[in-house]
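The structure appears below as structure tokens.
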Amino acid sequence: MVLRYTSSSDGLERPREPVFNGFPAIVLILSAAIIGVSAIGFLAGDEVLNWLYYAFALIHDPQINYIGRPFGAIGPVFLHVFLHGGLFHLIMNMTVMVAFGPAIAKAMGPGMKGAVGFLLFFFLCAAAGALFQLGWSWIVSEKITAIGASSALSGFFAAGGWLMGGLRGAVRLSAPWLVINVVIAVIGNAITQSLFGMQLAWAAHIGGLAGGFVLFPFIVALFNPRLRLR
């Protein structure tokens with residue numbers, strides 16, 4: 001690790017902290033894992049890619065036999081976050097991770113306990129989004145294959161709002177993302193397909209957002225009770 005020095009007003013040179021010191025290690029580790037698995041999916045041949053989808057992706061299709069999936073039927077509820085549909089999809093999600101992840105991780109407290117709290121929050125939001133998506137697909141008899149970390153990261157909008165302004169802040173920061181996804185649900189995915197080259201799992205986004213809104217205060221109270229949310 002390289003230290004850089006900067007001159008202060010008293011003429012003395014003081015060490016400047018490296019950029020990544022501001023990022024809790026758990027945020028970097030989780031981001032690296034997501035990028036790594038996604039990169040394997042981008043670069044792998046069809047056989048490996050098909051295995052990754054069968055093992056990690058959320059799939060609702062009555063014609064598919066789920067017996068023998070490597071991580072069972074429950075695994076993909078959490079593991080779909082590690083796959084992405086393309087580089088743009090991955091960059092968008094990692095941008096949200098970088099924007100919100102450090103503050104959320106620090107809110108969970110220092111050390112291993114805080115890291116566990118961050119991972120618990122992330123994967124519970126992912127599960128909330130996945131179950132909402134699967135439930136909606138079952139209700140409307142829609143076949144889906146869904147991947148990406150945006151189910152979990154949708155919960156980060158609510159968490160960021162809680163940190164900035166308590167309940168009102170959570171509502172204020174969650175509302176735009178909720179409205180966007182409700183609009184997508186109403187008009188369909190044709191516009192997002194033409195603009196971004198992909199369909200957005202709006203139900204997973206809403207589920208993850210709701211999970212983050214409800215769960216964040218409880219998880220913070222459990223892992224870092226000294227932090228008082230307004």
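Here, each number is a calculation from the coordinates, and none is a lab measurement. Just so you know, these numbers come straight off a predicted model, no measurement behind them. Neighbour counts run over all protein chains shown; Cβ positions are idealised from the backbone, glycine included.
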Give the distance, in whole Å, between the Cα centre of segment 127-167 and the Cα centre of segment 25-90. 16
With 10 Å bins from 0: P(r) over segment 64-107, alpha-carbon pairs, percent: 22, 34, 31, 13, 1
Rounded to 10°, Cα long-axis angle of helix 202-223 versus longest principal axis of the chain: 40
Taking the 0 to 90 degree range and rounding to the nearest ten, how far is the long axis of helix 111-139 tilted relative to the main principal axis of the chain, both from C-alpha atoms? 20
Between helix 46-56 and the chain, what is the angle of the helix's C-alpha long axis to the longest principal axis, kept within 0 to 90° and rounded to the nearest 10? 80
Point-to-point label distance, Leu120-Val140, nm (Cα→Cβ direction, 7 Å offset): 3.4
Protection proxy ranking, peptides 88-99, 122-133, 71-82, average beta carbon neighbours within 10 Å, highest first: 122-133, 71-82, 88-99
Just want the answer: with Cβ charges of +1 for Lys and Arg and -1 for Asp and Glu, which residue in Phe157, Pro225, Ala210 is farthest toward the dipole's positive end in the chain? Pro225
So if R0 is 22 Å, what FRET efficiency would Val98 and Leu43 give, r being the distance between their Cβ atoms, rounded to the nearest 0.05? 0.45
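Set the Förster distance to 45 Å, then compute FRET efficiency between Val186 and Lys113 from the Cβ-Cβ distance, nearest 0.05. Before the final figure, lay out each step's value.
On the way: r = 42 Å, r/R0 = 0.94.
Calculated value: 0.60.
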Global geometry of segment 114-192, whether rounded, prolate or oblate, following the gyration tensor of its Cα atoms and the 1.5 cut on a/c: oblate
Could you order the peptides 24-31, 106-113 from most to least packed, using the average number of other C-beta atoms within 10 Å per residue? 24-31, 106-113
